[in-house]
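Reading through the structure tokens given below for one structure.
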Amino acid sequence: MALRIGRSRLPILLKEADITQAELARRIKLSESFISKVIAGERRLSVIKMKMAANILKCSMDDLYEWEDE
């Protein structure tokens, strides 16, 4: 069974961590507009940026997205 990345869970994780999109963007050295596009499903984080975001949000990289069966 293969999995593919689904919807971004960043809005939920940001709220739980009490961190804004702007703060996350600054800390992982991306623009706030890029983070907005990730949330909208228009862009994806690189593996390195996923790892950085997961560390900041105190979750696993798998938690950043919903996963769907192919």
Which of the residues belonging to segment 3-13 are of a type outside the set (Lys, Arg) and open to solvent by 50 Å² or more (accessible area, probe 1.4 Å)? Leu3, Pro11, Ile12
Checklist (1) in contact with a helix residue (DSSP H, G or I) (Cβ under 6 Å, 6 or more places away or on another chain); (2) open to solvent by less than 60 Å² (accessible area, probe 1.4 Å) applied to Arg27, failing item: (2)
Options Glu70, Glu16: the member that is open to solvent by 100 Å² or more (accessible area, probe 1.4 Å), modelled with pLDDT under 95 and either over 11 Å from the mean Cα position of the chain (by Cα) or not hydrophobic (A, V, I, L, M, F, W, C) (or both): Glu70
Starting from segment 7-30, keep only residues that are on the phi > 0 side of the Ramachandran plot and acidic (Asp, Glu), then list their pairs with residues that are part of a loop (DSSP other than H, G, I, E, B) and at pLDDT below 95 whose Cβ atoms are within a distance under 8 Å, requiring at least 6 positions of separation or different chains. none
Quickly run through segment 33-60 and pick out the residues that are surrounded by fewer than 14 Cβ atoms within 10 Å (Cβ to Cβ) and free of Cβ contacts under 8 Å to residues at least 40 places away in the same chain. Ser33, Ala40, Gly41, Glu42, Ser46, Val47, Ile48, Asn55, Ser60
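The values are calculated or read from the model by the stated rules, or taken from the named source; none is laboratory data. Worth saying up front: this structure is predicted, and the values here are computed from it rather than measured. Here Cβ is always computed from backbone atoms with ideal geometry, including for glycine, and neighbour counts include all displayed protein chains. SASA here: full protein model, heavy atoms, side chains in, ligands and nucleic acids out. Shrake-Rupley method; radii C 1.70, N 1.55, O 1.52, S 1.80 Å.
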